[in-house]
Every structure is written in C-alpha cells, then in structure tokens.
Amino acid sequence: MTPASTLIMLLGRARHLSMNTLSPVFIFSLALMGLLLNGCREPVPTPPLALPSLQRPVVTLKVVPATPQQRLLIPARVYVERSGLPGVFVLSAGQARFRMLRIGQRSAGELEVLSGLAGDETLVLGDFADIHDGSPIVVR
C-alpha cells in the first residue's frame, strides 16, 4: 500500500484504492455525504445566559385619561430611543420591557404620550445603557 492509497469501506467490505483510481465526483460525493450527515445531528442546547439583576428606580403612572381631551404626560427622563424607535421601559414581572411610544408635545421635563401607554404602567428610570428588553430589574 502506497502513501497515496486510501482505505474505503464500500458495501461492508474494506477495499484498498489508490487516489488515482478514485474519480473526483466520487471524492466530492463522499465529502458532501460527510457534511450532510454531520448536519443531521441534534443540536446541543445551550443554557440561557443568566443576566444580573439591575437596580433601578421606577415611577408608576396612576393617571388614566378619562376623556380624549386629557393628556398623558410622562417625565422626559424615562424616554429612550432604541434603534431610532422612541419608547420607554415598562416594568413587567420583574423585567424591563421596551414599549414603543408616539410622542406629541414636549414641555419642560415632560412628554405627551399620544399612544403606547394606558396610564397605569410602572416605568423604569436610571441609566439605560445597560438595560435591554427583558433585563431583570430590582426596584430600589
């Protein structure tokens, strides 16, 4: 057997074949079959990353507009833009959830919310650099 020969299992029998006698199509077929069989394995599940809880102050909205003429105002410091989308982080089941808003008039330290909030939500305050949608939040 020369260094250029190869051992291939064909139909249950071991055969010694020279690389010169193997067609390029056959070699390509073997390589493709190996790739296909490798892709058939069950993916190994990876555990979700446990994010550390962030301590943030919150503000709870208590005013529900009774008539369409009443305006819902939020503090300007709860407003954040993510990927160009305006919104706030709402506290839901201990997690910060990004909620898109439509903002109306802006005044000194307040923003008018045209849509996106009902008026009874708890909004997350503080540094938004570390907060993502689904970040665990501990109220302080």
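The values are calculated or read from the model by the stated rules, or taken from the named source; none is laboratory data. Every value quoted in this text rests on a predicted model; they were computed, and no experiment measured them. Methodologically, a virtual Cβ is constructed for each residue, glycine included, from the backbone with ideal geometry; neighbour enumeration extends over all protein chains shown.
Being hydroxyl-bearing (Ser, Thr, Tyr) and closer than 15 Å to SER53 by Cβ is a condition met by no residue of the stretch 109-130. When you look at ILE131, is it modelled with pLDDT of 85 or more, surrounded by 12 or more Cβ atoms within 10 Å (Cβ to Cβ) and part of a loop (DSSP other than H, G, I, E, B), yes or no? Spelling it out, ILE131 is indeed modelled with pLDDT of 85 or more, surrounded by 12 or more Cβ atoms within 10 Å (Cβ to Cβ) and part of a loop (DSSP other than H, G, I, E, B). Taking the listed residues ALA76, ALA93, the one that is surrounded by fewer than 10 Cβ atoms within 10 Å (Cβ to Cβ), among the hydrophobic types (A, V, I, L, M, F, W, C) and either under 27 Å from the mean Cα position of the chain (by Cα) or modelled with pLDDT of 90 or more (or both) is ALA93, with no other qualifying. Picking from residues in the stretch 108-128 that are touching a residue at least 40 places away in the same chain (Cβ under 8 Å) and not in a loop (DSSP other than H, G, I, E, B), the one that is nearest to ARG56 (Cα to Cα) is VAL124. For first residues located in the stretch 93-107 and more than 16 Å from HIS132 (Cβ to Cβ) and assigned to a strand (DSSP E or B), partners that are at pLDDT below 95 and of a type in the set (Asp, Glu) and lie 6+ apart or on another chain with Cβ distances below 7 Å form the pairs ILE103/GLU112; GLY104/GLU112; GLN105/GLU112.
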